[in-house]
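The structure appears right after this line, and notes come after that.
The values are calculated or read from the model by the stated rules, or taken from the named source; none is laboratory data. All figures in this text were calculated on a predicted structure; none of them were measured in a lab. Positions of Cβ are backbone-derived with ideal geometry, glycine not excepted, and every protein chain shown enters the neighbour counts.
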């Protein structure tokens with residue numbers, strides 16, 4: 001298997017990373033997780049997670065689902081398999097997310113507190129997906145609440161392995177949350193006790209570290225936060241400041257183009273289906289960008305911008321300036337000053 005994967009990306013980020021992934025069958029990408037209840041009840045709110053852009057990748061993205069009652073998860077899968085079967089290669093159920101908002105509603109990591117019900121959902125989804133398509137079905141999980149809970153979680157994931165094609169596991173427990181000392185021993189124990197591929201996840205910061213973790217016997221490694229604003233994390237290449245600036249502008253403009261495209265496309269949703277943009281479509285929207293207009297994408301882009309400039313000197317001041325950006329014009333002006341600060 002030997003995958004080096006990206007945990008979850010917006011459709012726009014996938015396209016920005018394309019030049020580093022295309023025609024490489026070791027790279028796989030996941031979408032951001034989509035609310036299954038929301039998709040079935042009001043698709044206009046969440047259908048943007050299903051937008052993907054034409055690409056030449058060797059592997060199609062895997063669609064990630066969460067937050068859905070059993071009947072809505074099954075209905076969402078039915079719609080996806082019928083309408084989007086040519087855009088994705090698999091579906092994954094997220095039981096990993098530690099967000100309090102998500103967990104208060106029984107989803108994400110909270111599903112692991114209700115293992116019998118969760119296992120029933122997983123089995124039903126597996127039957128639905130494998131009987132109706134060639135899609136893979138997988139689960140993303142973690143080492144659970146505390147170290148004391150790990151034995152029970154190991155038993156649970158062994159049971160899950162009978163219904164999925166592979167499992168991705170984050171080495172942290174929920175209690176550890178953002179602990180830094182990586183410990184892949186739990187995932188190793190799982191790998192040794194199941195017959196399906198296991199992907200290791202958790203605080204993998206660079207390509208060298210990813211290769212080191214992969215060499216420990218896992219079938220793949222997953223990179224998440226370190227990939228935000230850093231497509232080079234999947235290679236040994238170290239970009240120059242000018243290369244970072246160039247990609248930041250391209251990334252932002254493509255986000256704005258997608259924002260404007262989605263405004264038009266969402267009005268034309270037909271039975272949970274939305275027209276997928278071609279690069280030629282987005283280029284038309286890019287050409288129409290008003291550099292003095294306050295697009296919402298400028299706010300959303302901050303999290304990427306902060307990561308692009310990570311490692312530069314005087315980062316605190318650079319972040320302050322980026323927080324004040326209101327237009328593409330002012331963003332470009334600040335980029336021109338980055339090397340002088």
Q. Within segment 56-86, restricting attention to residues that are in contact with a strand residue (DSSP E or B) (Cβ under 9 Å, 6 or more places away or on another chain) and surrounded by fewer than 16 Cβ atoms within 10 Å (Cβ to Cβ), which residue is nearest to residue 38 (Cα to Cα)?
A. 83
Q.
Step by step: first the residues of segment 172-193, then only those that are surrounded by fewer than 19 Cβ atoms within 10 Å (Cβ to Cβ) and modelled with pLDDT of 85 or more, then the one that is nearest to residue 221 (Cα to Cα). Which residue is that?
A. 188
Q. Among the residues of segment 287-326, how many are in a loop (DSSP other than H, G, I, E, B), closer than 26 Å to residue 225 by Cα and touching a helix residue (DSSP H, G or I) at 6+ places or on another chain (Cβ under 7 Å)?
A. 7
Q | In segment 277-332, the residues that are in contact (Cβ under 8 Å) with a residue 12 or more places away in the chain and on the phi > 0 side of the Ramachandran plot | A | 314
Q.
Every residue in segment 215-246 that is closer than 22 Å to residue 32 by Cα, in contact (Cβ under 8 Å) with a residue 24 or more places away in the chain and buried (at least 20 other Cβ atoms within 10 Å of the Cβ), please.
A. 220, 221, 222, 223, 227, 228, 229, 230, 231, 233, 234
Q | Qualifying residues in segment 31-55 (those that are part of a helix (DSSP H, G or I) and surrounded by fewer than 18 Cβ atoms within 10 Å (Cβ to Cβ)) - the one modelled with the lowest pLDDT | A | 45
Q) Taking residue 212 and the conditions (1) farther than 30 Å from residue 122 by Cα; (2) touching a residue at least 24 places away in the same chain (Cβ under 8 Å), which numbered condition does it fall short on, given that it satisfies the others? A) (2)
